[in-house]
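Colleague: Below are the structure tokens for one structure; questions will follow.
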Amino acid sequence: MRKYPLIFKKLWLTPLRRSPDKEIVYRFEKRVTYRQFYERLKKVANALESIGVKKGDRIGVIDWNTLEYLELYFAIPMMGATLHTINLRLPPEQIVYTTNYAEDTFLIFRDEFLPLVEKISPHLKTVKGWIVISEKGVTTSLKPLYNYHDIVNSASSVYEFPEFDEDTDAAIYFTSGTVGLPKPVKFSHRQLILQLMINLISNLYPGVTRIECTDTILHLPPFFHGLGWMLPFFGTLLGCKQVLPGRYDGKVILELIKREKVTYTAGVPTLLMLFLNHPEVENYRDALKGLKFLIDGEHPTRSLMMRAWSYGIRIAEAYGMSEGIGFTFANLKEHMLDWDLERQMDYLNKAGLPAPFVEIKVVDEKGNEVKWDGKTIGEVWIRSPGLITEYWKDEAKTKEAFTPDGWFKTGDLAVIDEEGYLLIIDRAKDVIKSGGEWIPSKQVEDLIASHEAVLETAVIAVRSEKWGERPLALVIPKPDYKDKISEQELRSHLMKYVDMGKIPKWWIPDKFVFVNEFPRTSVGKVDKKVLRDQYKDLVLP
């Protein structure tokens, strides 16, 4: 008897029968039902096959979170090809590197990226066709060039998505490349569906960000990195109404939340701040009340979490990475449900508890598990069905990242408390080692950010003549406090936490520098590698 394949085609069995009239909305421009969307998927598959796309091909896509991109998220893997989500925020030379590494045969891109594609096209070795997503004609030397809407609209809607082995590659993308070149990660249909099941089961535990079929999802996590945090697959399987924002714009996001009655979204802290810091946010206070926001990507400050709650946004942390999309979730245990918000926030503001079937341990330098005391720092190691099994075509990096018995060494430093909750302290490359002792930059940032004048902060290591390294705090003040806050005021603010016993005095940064902005990685995180390079010549006593 043939094994039942866990493939993307099966994700549509339930929503097409249960929720065929639920809507998928793109900005203020397009609105389709699930039934119409699925018919469109068949036309997309026929269109791609008509120009030569075949099973096993890798298809690169450069676009924002749009309706067309959502079509490609399903149609490409469901026809047996592999979706390559190209990170549009990588520098051109890295887009060339990742496209050549993946050996993409076709490149699909929105017309606003035509200048970029024309620039890099001579260096792309395997691309044999170009597909532009455009409502109007474009003039270009790219050949052969196909207009996405023309070939899809003219295609037949009669198509039977094939069945194939569940270990067939479904998607490939690359890490954001903050250290060296981006690393290739690929996932099979089986891996992604198992990860989807893990996320769904985690959703059954008590928590403030539980998602239900009645929710309206706003797709903020970028489709071009981390597979939109699985929300396209999660939302589709549940039959949720889905809203696509396109190019990121704080006002558009707020207006979509209001008009479409959005109840669920997710993202890195930068995406949350994109609309919370918008000058018109107060006009949307009623629309934001009750919004559920799952935050990940980097540990958010307590002040940001509480600010979100002040608007009625129900927010909690999770923990995942490019190599696996969803390891822990800050769900609450039953005995915590009656606690007040301040006490619950001690756990909602942590990476949380391991999801079902996910093994997580925090180990010392010898690989031994550390105590669950909330104090002893170690590296996070993970085993999970949704985790990559290798860095694709890179034996050296695979061997470096995995233990012989399959544990993935994340490079993240963390502690585990007495309840078993994981708290990410820092990236190993970002931690400050002063006089032989660690200073976790995230904890110091959290306390600095609790000052009323601070919008955002980053703490990095700089050279010290006496201690090897000392912390430097870079601070973006809130607009109303620009030029009105001093180093001494922030130092006195941190001394309060020293007096309370929350941090030792020697964790206080030796210097505070006020800046207007931070460099960002391609996924919106503060790029500390660039900051360290900017201040490499600074030497503290």
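Colleague: Within segment 385-400, can you find the residues that are under 24 Å from ALA355 (Cα atoms) and touching a residue at least 24 places away in the same chain (Cβ under 8 Å)?
Modeller: PRO385, GLY386, LEU387, ILE388, TYR391
Colleague: What are the residues in segment 70-105 that are more than 21 Å from the chain's Cα centre (by Cα), among the acidic types (Asp, Glu) and not in a loop (DSSP other than H, G, I, E, B), if any?
Modeller: GLU93
Colleague: Tell me, which residue of segment 182-216 that is under 18 Å from ASP296 (Cβ atoms) and among the polar types (S, T, N, Q) is surrounded by the most Cβ atoms within 10 Å (Cβ to Cβ)?
Modeller: Applying the filter and picking the extreme gives GLN195.
Colleague: Test TRP438 against the criterion of being more than 22 Å from the chain's Cα centre (by Cα), assigned to a strand (DSSP E or B) and not charged (D, E, K, R), and give yes or no.
Modeller: Numbers: more than 22 Å from the chain's Cα centre (by Cα): yes; assigned to a strand (DSSP E or B): yes; not charged (D, E, K, R): yes.
Yes.
Colleague: Here are some residues: LEU90, LEU107, LEU67. Which one is free of Cβ contacts under 8 Å to residues at least 60 places away in the same chain and either of a type outside the set (Gly, Ala, Ser) or touching a His at 6+ places or on another chain (Cβ under 7 Å) (or both)? Outline the logic, then answer.
Modeller: Details: LEU90 fails: free of Cβ contacts under 8 Å to residues at least 60 places away in the same chain; LEU67 fails: free of Cβ contacts under 8 Å to residues at least 60 places away in the same chain.
Answer to the check: LEU107.
Colleague: OK, next. Listed residues ILE51, ILE7, ILE24; which is closer than 25 Å to GLU135 by Cα and crowded, with 22+ Cβ neighbours inside 10 Å? Even if it seems obvious, please write down each step before you answer.
Modeller: Values: ILE51 fails: crowded, with 22+ Cβ neighbours inside 10 Å; ILE7 fails: closer than 25 Å to GLU135 by Cα.
Exactly one of ILE51, ILE7, ILE24 is closer than 25 Å to GLU135 by Cα and crowded, with 22+ Cβ neighbours inside 10 Å, namely ILE24.
Colleague: Give the residue that is farthest from ALA461 (Cα to Cα), with candidates limited to residues of segment 514-539 that are among the aliphatic types (A, V, I, L, M) and surrounded by 18 or more Cβ atoms within 10 Å (Cβ to Cβ). Before the answer, list the steps.
Modeller: The first filter runs over segment 514-539 and keeps only residues among the aliphatic types (A, V, I, L, M), leaving 515, 523, 526, 530-531, 538-539.
Filter again for surrounded by 18 or more Cβ atoms within 10 Å (Cβ to Cβ), leaving 523, 526, 531.
On the way: VAL523: 22, VAL526: 14, LEU531: 10 Å.
So the residue we want is VAL523.
Colleague: Given the conditions (1) in contact with a helix residue (DSSP H, G or I) (Cβ under 9 Å, 6 or more places away or on another chain); (2) crowded, with 18+ Cβ neighbours inside 10 Å, which single one is not true for VAL498?
Modeller: Unmet for VAL498, out of (1) in contact with a helix residue (DSSP H, G or I) (Cβ under 9 Å, 6 or more places away or on another chain); (2) crowded, with 18+ Cβ neighbours inside 10 Å: (2).
Colleague: Scan segment 421-440 for residues that are modelled with pLDDT of 90 or more and aromatic (Phe, Trp, Tyr) and jot them down.
Modeller: Passing the criteria: only TYR421.
Colleague: Among the residues of segment 477-495, write down those that are buried (at least 19 other Cβ atoms within 10 Å of the Cβ) and not in a loop (DSSP other than H, G, I, E, B). Let's see the steps before the verdict.
Modeller: Taking segment 477-495 as the starting set, the residues that turn out to be buried (at least 19 other Cβ atoms within 10 Å of the Cβ) are 477, 485, 490, 494.
Residues satisfying the conditions are PRO477, LEU490, LEU494.
Colleague: Would you be able to tell me the number of residues in segment 408-431 that are crowded, with 17+ Cβ neighbours inside 10 Å and closer than 20 Å to PRO300 by Cβ? Write out each step before concluding.
Modeller: Filtering segment 408-431 down to residues crowded, with 17+ Cβ neighbours inside 10 Å leaves 408, 410, 412-416, 421-427, 430-431.
Those left that are additionally closer than 20 Å to PRO300 by Cβ: 410, 412-416, 421-427, 430-431.
Of the residues in that region, 15 qualify.
Colleague: GLU135 passes all but one of (1) within 23 Å of LEU88 (Cβ to Cβ); (2) part of a loop (DSSP other than H, G, I, E, B); (3) within 28 Å of the chain's Cα centre (by Cα); which number fails?
Modeller: (3)
Colleague: Same structure again: Looking at (1) under 21 Å from HIS299 (Cα atoms); (2) within 19 Å of the chain's Cα centre (by Cα), which one does ILE388 not meet, given that it meets all the others?
Modeller: Exception for ILE388: condition (1).
The values are calculated or read from the model by the stated rules, or taken from the named source; none is laboratory data. Note that the coordinates shown come from a computational prediction; the quantities given were computed from them, not determined experimentally. As a convention, Cβ positions derive from the backbone with ideal geometry for all residues, glycine included, and neighbour counts pool all protein chains shown.
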